[in-house]
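Chemist: Input: one structure, supplied below.
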Amino acid sequence: MNRSLVIGAALSAVFVVAALVSFVWVPYDVTALDIPNKLQKPGFQHLFGTDHFGRDIFSMIMVGARTSIAVAVVAVGIGMLIGVPLGLAAAARKGSLMDEFIMRGNDLVFAFPSLLIAIMITAVFGASAVNAIIAIGVFNIPVFARLVRGAALSLWTRDYVLAARVSGKGAARISFEHILPNVTNLLIVQGTIQFSLGILAEAGLSYVGLGAQPPTPSWGRMLAESQTMFSFAPHLAIFPGLAILFTVLGLNLMGDGLRDVLDPRLRRAQR
Amino acid sequence: MSLLEITGLNMEIHGTPVLRDVSLCIEAGQIVGIIGESGSGKSMTAFSVMQLLPEGGQARGTVRLSGHDMLALPEEALCKLRGNEVGMVFQEPMTALNPIQQIGAQVAETILIHESVSRSEAFTRAREALNRCELPEDKFPMSRYPHELSGGQRQRVVIAMAIALQPKLLIADEPTTALDVTTQAEVLRLLKRLTAEDGMGLMLITHDLAVVADMADHIVIMRAGEVVESGPCPALFDRMQHPYSRALLAASDHQPDRQEHVLKEPLLSLQNVVRDYALPRSKLFAKQGYFRAVNGVSFNVRRGENLGLVGESGCGKSTLTRAILGLEQVQGGSITLDGEAVFSGKQPNRAVRRKMQVVFQDPYGSFNPRWTVRRLVCEPFHLLDTPPQGDAREAALSQALESVGLATEDADKYIHEFSGGQRQRIAIARALIIKPELIILDEAVSALDVSIRAQILDLLADLGARFGLTYLFISHDLSVVRNVCDRCLVMQAGEIVERGLTADIFERPQHEYTKQLIAAVPQLPGKAE
């Protein structure tokens, strides 16, 4: 069994479970203020301590995981749903006007600094989790489109694609029946990596106040709010920071591990 | 004392025995051919001489190379011997060279690794090695990159790397299998000359008896990790004892049984076919250049006949295949199947398409690795307006599988569970399932071992008679075409240079190129005319 896959999957699973559990149970209500108990140090009462409104940090991290994961899942979903068909189409009609159009469009999106555009989108349409999702999702499209086009181009030269063409199958059908199943490995691996980048991007947007809005807890905003109190209440910054660190680490390890397991060139004793 | 002495060599990989009690011996200046099909342990024998064992490999016995006990030496000492005392040439010249390094630097590198000489001296000696491998300086400066060379020229560079240090033993593992017949003949001649000049020992590994028959001094035949027969060549051919060696000998020149029932009427007809490829523009507004891959080719394939189309790689035969299949538009002339044009714009004309199918060369690349055999074989049903469903589909599938000698149960397996020969059977089943009239065999047996090749040729002959098929054999290998085709076409640089009955072409070749091709075919002793 692949070690980084196991560790990565375990780390990621911790946060997914935390997010799921938060729907039915959290130790403390994250919207209720409890000013007398503000800025408590981590202890038995409050596992990770409390913030300047007396809210339980542990509960906020659990609910925050929900936001982070939802944003990242939908953003990767947008990127895959739009990017993969674009990449397949570009590869199927390689060298055509459509190919040029799709790939130069991708270059255009790639050429802008992603966080700036995200800030622009949220600035124009208002700060909300939905707009953050759209902004992050748009930047996932060229990543998947390029990845799929590159892999698909080499698959199009295979004899089995030729055999499918001899069987009278059209480009769309070949793309979905022959090309797509053979690029899923790549998609899964890139998906986990984009997922971790999505979590980072959401944290970044929330940090500058453009992500999920209060009172919905978000790791990024927790970090932003802790900034001024870091000298006397470092736990406010440490726990959301660690949550981001471990989720991203877990997902990256999982991506690495999946690549090793799924890529036949790296797998031993095949055939 | 012999140059190389292998006695009682046993080897296992993760506990699975792959070599059993192998003994052989190579003298200086001697050419020893090791023959066997894939999986017979011939490459493993070579690797155990180099001590380049795969992971989990364990060798026992003795391997003595000019006095060194190879199995006992530490890795450091082995590194000195590899390249210095033993050179190696691999099958695939496309992957044996570093694509981003100039050929001169690659040859010089092997010298620099082993000897403390200056760079300029290493390059001088690299130049000499390339010259000796018939890559003269004016045509092949050392600044060439591998992609600028043909397959045969790359193989010469690989040989130059192997002989640059004048090793005592050269191991060539299937050095010509990936090459055309004419190139194969040249490379073999080169190896023979180098062996004689340097007094090297040459271990020539191949699956084809005919390749080694006229150059080896000694032949070792291996099967399933054991030496079944060995002896001096060509005397061994007259007194082969082991049934396996005899089978191998027979397979090299296999003649499938076939009755002729050729009708006069043409099935496929090509008239003055021209296929141009657009070349990339050199400047932004430069005139578009074209490369003419097929130049005015005309021929008919008659119903029920086996027609051979022979030519070396790059002669335009693959381009022609794609044009015949209606996958690409031709720039001139017409291709008709039963009177209907094969190319019909974006929407394929399924009525024409369902009359022909194709079998490709590469048994590994011809199948989607994520599909079951059932789905793979049934794919051409897409061409039918009402593809059979349910029981009818299953019946057609099992009939196709059984007719190529596979079991119905194989339908639920994935392609990686099959060997190369079995995969080629599956490819034939896929071509058969919609009962086409014409099957195009694009180098369909070129990647197979001789014994498997003989089985597939028998199968094709049997199926041809049973289903009334017409075959178009496209190959670079004359010996295959010779035994199965009624008529032959010889193609060179996009044009048909000679055509006629197979027997006539082989007995009285007219064109210079045809003569070259025929002369290049390796001959077994006693079979030469």
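Chemist: Just one of (1) among the aliphatic types (A, V, I, L, M); (2) surrounded by 18 or more Cβ atoms within 10 Å (Cβ to Cβ); (3) in contact with a helix residue (DSSP H, G or I) (Cβ under 9 Å, 6 or more places away or on another chain) trips up B:Val352, so point out which.
Modeler: (3)
Chemist: Same structure, new question: Which one of these is modelled with pLDDT of 80 or more, part of a helix (DSSP H, G or I), buried (at least 20 other Cβ atoms within 10 Å of the Cβ) and over 24 Å from the mean Cα position of the chain (by Cα): A:Ala75, A:Ala65, A:Ala90? Walk me through how you get there before you give the answer.
Modeler: On the way: A:Ala75 fails: over 24 Å from the mean Cα position of the chain (by Cα); A:Ala65 fails: over 24 Å from the mean Cα position of the chain (by Cα).
Only one candidate passes the filter, namely A:Ala90.
Chemist: Tally time: how many residues in region B:47-105 are closer than 21 Å to B:Leu19 by Cβ, polar (S, T, N, Q) and part of a loop (DSSP other than H, G, I, E, B)?
Modeler: Residues flagged as closer than 21 Å to B:Leu19 by Cβ, polar (S, T, N, Q) and part of a loop (DSSP other than H, G, I, E, B) within region B:47-105 amount to 2.
Chemist: Might you check whether a residue that is in contact with a Leu (Cβ under 7 Å, 6 or more places away or on another chain), in a helix (DSSP H, G or I), within 12 Å of chain A (Cβ to nearest Cβ) and under 30 Å from B:Cys315 (Cβ atoms) occurs anywhere in region B:412-421?
Modeler: There is at least one residue in region B:412-421 that is in contact with a Leu (Cβ under 7 Å, 6 or more places away or on another chain), in a helix (DSSP H, G or I), within 12 Å of chain A (Cβ to nearest Cβ) and under 30 Å from B:Cys315 (Cβ atoms).
Chemist: Here is a list of conditions, (1) surrounded by fewer than 23 Cβ atoms within 10 Å (Cβ to Cβ); (2) without any contact (Cβ under 8 Å) to a residue 60 or more places away in the chain; (3) under 30 Å from A:Asn185 (Cα atoms), and B:Val377 meets all of them except one; can you say which number that is?
Modeler: (1)
Yes/no per residue for (1) buried (at least 21 other Cβ atoms within 10 Å of the Cβ); (2) more than 30 Å from B:Leu463 (Cα to Cα); (3) modelled with pLDDT of 85 or more; (4) of a type outside the set (Ser, Thr, Tyr):
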position	(1), (2), (3), (4)
B:Asp214	no, yes, no, yes
B:Tyr244	no, no, no, no
B:Ser252	yes, no, no, no
B:Lys264	no, no, no, yes
B:Arg275	yes, yes, yes, yes
B:Leu284	no, yes, no, yes
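Chemist: Another question about this same structure. Go through (1) more than 11 Å from chain A (Cβ to nearest Cβ); (2) within 19 Å of B:Ile324 (Cβ to Cβ); (3) touching a Ser or Thr at 6+ places or on another chain (Cβ under 9 Å) one by one and return the number of the condition B:Glu340 breaks.
Modeler: Result: B:Glu340 fails condition (3) only.
Chemist: Sticking with this one: Specify which of the listed residues (B:Leu376, B:Leu327, B:Leu406) is more than 10 Å from chain A (Cβ to nearest Cβ) and closer than 21 Å to B:Leu441 by Cα. Give the derivation first.
Modeler: On the way: B:Leu376 fails: more than 10 Å from chain A (Cβ to nearest Cβ); B:Leu327 fails: more than 10 Å from chain A (Cβ to nearest Cβ).
Only one candidate passes the filter, namely B:Leu406.
Chemist: Mind listing whichever residues of region B:1-23 are surrounded by fewer than 20 Cβ atoms within 10 Å (Cβ to Cβ) and within 19 Å of B:Ala216 (Cα to Cα)?
Modeler: Once the filter is applied, which keeps residues that are surrounded by fewer than 20 Cβ atoms within 10 Å (Cβ to Cβ) and within 19 Å of B:Ala216 (Cα to Cα), region B:1-23 yields B:Ser2, B:Glu5, B:Ser23.
Chemist: Taking interchain pairs and intrachain pairs at least six residues apart, which have beta carbon atoms under 7 angstrom, with the first residue in region B:52-77 and assigned by TED's automatic domain parsing to the domain that holds B:His114 and the second surrounded by 15 or more Cβ atoms within 10 Å (Cβ to Cβ) and not hydroxyl-bearing (Ser, Thr, Tyr)?
Modeler: Filtered contacts from region B:52-77: no entries.
Chemist: Does B:Ser40 satisfy the criteria of being among the small types (Gly, Ala, Ser), part of a loop (DSSP other than H, G, I, E, B) and on the phi < 0 side of the Ramachandran plot? First the steps, then the outcome.
Modeler: Working: among the small types (Gly, Ala, Ser): yes; part of a loop (DSSP other than H, G, I, E, B): yes; on the phi < 0 side of the Ramachandran plot: yes.
Considered against the rule, which asks whether it is among the small types (Gly, Ala, Ser), part of a loop (DSSP other than H, G, I, E, B) and on the phi < 0 side of the Ramachandran plot, B:Ser40 comes out as yes.
Chemist: Looking at A:Met60, A:Met103, A:Met80, A:Met98, which one is surrounded by 24 or more Cβ atoms within 10 Å (Cβ to Cβ) and at pLDDT 85 or above?
Modeler: Details: A:Met103 fails: surrounded by 24 or more Cβ atoms within 10 Å (Cβ to Cβ); A:Met80 fails: surrounded by 24 or more Cβ atoms within 10 Å (Cβ to Cβ); A:Met98 fails: surrounded by 24 or more Cβ atoms within 10 Å (Cβ to Cβ).
Every option except A:Met60 fails the conditions.
Chemist: To continue, here is another question. Being more than 13 Å from the chain's Cα centre (by Cα), within 14 Å of chain B (Cβ to nearest Cβ) and surrounded by 14 or more Cβ atoms within 10 Å (Cβ to Cβ), is that true of even one residue in region A:223-243?
Modeler: Taking region A:223-243 first, the residues more than 13 Å from the chain's Cα centre (by Cα) are A:223-243.
Those left that are additionally within 14 Å of chain B (Cβ to nearest Cβ): none.
Checking region A:223-243: not a single residue is more than 13 Å from the chain's Cα centre (by Cα), within 14 Å of chain B (Cβ to nearest Cβ) and surrounded by 14 or more Cβ atoms within 10 Å (Cβ to Cβ).
Chemist: Given the conditions (1) free of Cβ contacts under 8 Å to residues at least 12 places away in the same chain; (2) of a type in the set (S, T, N, Q); (3) within 13 Å of chain A (Cβ to nearest Cβ), report the number of the one that B:Ser282 does not fulfil.
Modeler: All conditions are met except number (3).
Chemist: What helices (runs of 4 or more DSSP H) completely inside region A:155-271 contain at least 3 residues that are out of contact with any helix residue (DSSP H, G or I) (no Cβ under 6 Å at 6 or more places or on another chain)? Working first, answer last.
Modeler: Numbers: elements: A:159-166, A:171-174, A:180-207, A:219-226, A:235-262.
By residue number, A:159-166, A:180-207, A:235-262.
Chemist: Still on this structure, please answer the following. Checking the condition of a type in the set (S, T, N, Q) and either within 14 Å of another protein chain (Cβ to nearest Cβ) or in contact (Cβ under 8 Å) with a residue 40 or more places away in the chain (or both), which residue from B:Gln455, B:Gln389, B:Gln424, B:Gln399 passes? Before you say what the answer is, go through the steps one by one.
Modeler: Working: B:Gln455 fails: either within 14 Å of another protein chain (Cβ to nearest Cβ) or in contact (Cβ under 8 Å) with a residue 40 or more places away in the chain (or both); B:Gln389 fails: either within 14 Å of another protein chain (Cβ to nearest Cβ) or in contact (Cβ under 8 Å) with a residue 40 or more places away in the chain (or both); B:Gln399 fails: either within 14 Å of another protein chain (Cβ to nearest Cβ) or in contact (Cβ under 8 Å) with a residue 40 or more places away in the chain (or both).
Going through B:Gln455, B:Gln389, B:Gln424, B:Gln399 in turn, the sole match is B:Gln424.
Chemist: Hey, another quick one. Would you mention how many residues in region B:169-214 are of a type in the set (Asp, Glu) and part of a strand (DSSP E or B)?
Modeler: Taking region B:169-214 first, the residues of a type in the set (Asp, Glu) are B:173-174, B:180, B:186, B:197-198, B:208, B:214.
Filter once more, so that each one left must be part of a strand (DSSP E or B): B:173.
Of the residues in region B:169-214, 1 are of a type in the set (Asp, Glu) and part of a strand (DSSP E or B).
Chemist: Would it be correct to say that A:Ala127 is touching a residue at least 40 places away in the same chain (Cβ under 8 Å), more than 22 Å from A:Val84 (Cα to Cα), away from chain B (no Cβ under 14 Å) and outside any helix (DSSP H, G or I)?
Modeler: The answer is yes for A:Ala127.
Chemist: Here's a follow-up. Out of B:Gly56, B:Gly29, B:Gly33, report the one residue that is surrounded by 15 or more Cβ atoms within 10 Å (Cβ to Cβ) and more than 17 Å from B:Thr206 (Cβ to Cβ). Write out each step before concluding.
Modeler: Numbers: B:Gly56 fails: surrounded by 15 or more Cβ atoms within 10 Å (Cβ to Cβ); B:Gly33 fails: more than 17 Å from B:Thr206 (Cβ to Cβ).
Every option except B:Gly29 fails the conditions.
Chemist: Does region B:443-461 contain any residue that is within 30 Å of B:Val274 (Cα to Cα) and either aromatic (Phe, Trp, Tyr) or in the same structural domain as B:Pro388 (by TED's automatic domain parsing) (or both)?
Modeler: First, pick out the residues of region B:443-461 that are within 30 Å of B:Val274 (Cα to Cα): B:443-447.
This time we only want the ones that are either aromatic (Phe, Trp, Tyr) or in the same structural domain as B:Pro388 (by TED's automatic domain parsing) (or both), so: none.
Within region B:443-461 (the criterion being within 30 Å of B:Val274 (Cα to Cα) and either aromatic (Phe, Trp, Tyr) or in the same structural domain as B:Pro388 (by TED's automatic domain parsing) (or both)), the answer is no, since none of the residues qualifies.
Chemist: I would also like to ask the following. So for region B:315-322 (the condition being within 14 Å of chain A (Cβ to nearest Cβ) and exposed (fewer than 15 other Cβ atoms within 10 Å of the Cβ)), does at least one residue qualify?
Modeler: no
Chemist: If you don't mind, another one. With the checklist (1) surrounded by fewer than 15 Cβ atoms within 10 Å (Cβ to Cβ); (2) in a loop (DSSP other than H, G, I, E, B) in hand, flag the one item A:Val26 doesn't pass.
Modeler: Here A:Val26 meets the rest and fails (1).
Chemist: In region B:109-156, how many are free of Cβ contacts under 8 Å to residues at least 60 places away in the same chain and part of a helix (DSSP H, G or I)?
Modeler: 25
Chemist: Okay, moving on. Hey, can you tell me all the residues within region B:430-439 that are closer than 16 Å to B:Glu402 by Cβ and within 12 Å of chain A (Cβ to nearest Cβ)? Spell out the reasoning first.
Modeler: Keep residues of region B:430-439 that are closer than 16 Å to B:Glu402 by Cβ, which gives B:430-433, B:435.
Selection gives B:Arg430, B:Ala431, B:Ile433.
Chemist: Of the residues in region B:346-373, how many are closer than 28 Å to B:Asp180 by Cα, of a type outside the set (Gly, Ala, Ser) and either out of contact with any Gly (no Cβ under 6 Å at 6 or more places or on another chain) or facing chain A (nearest Cβ under 8 Å) (or both)?
Modeler: Quick first cut of region B:346-373, residues closer than 28 Å to B:Asp180 by Cα only: B:356-368.
If we keep only those that are of a type outside the set (Gly, Ala, Ser) as well, we get B:356-364, B:367-368.
From what's left, either out of contact with any Gly (no Cβ under 6 Å at 6 or more places or on another chain) or facing chain A (nearest Cβ under 8 Å) (or both): B:356-362, B:364, B:367-368.
The qualifying residues number 10.
Chemist: Another question, if that's okay. Do you know which of the residues in region A:139-167 that are aromatic (Phe, Trp, Tyr) and closer than 26 Å to B:Arg353 by Cβ is nearest to the other protein chains (Cβ to nearest Cβ)? Break it down stepwise before answering.
Modeler: Of region A:139-167, the ones aromatic (Phe, Trp, Tyr) are A:139, A:144, A:156, A:160.
If we keep only those that are closer than 26 Å to B:Arg353 by Cβ too, we end up with A:156, A:160.
Details: A:Trp156: 12, A:Tyr160: 5 Å.
Taking the candidates together, the pick is A:Tyr160.
The values are calculated or read from the model by the stated rules, or taken from the named source; none is laboratory data. Everything numeric in this text was worked out from a predicted model, so none of it was measured. Note that we place each Cβ from the backbone using ideal geometry, even for glycine, and neighbour counts take in every protein chain shown.
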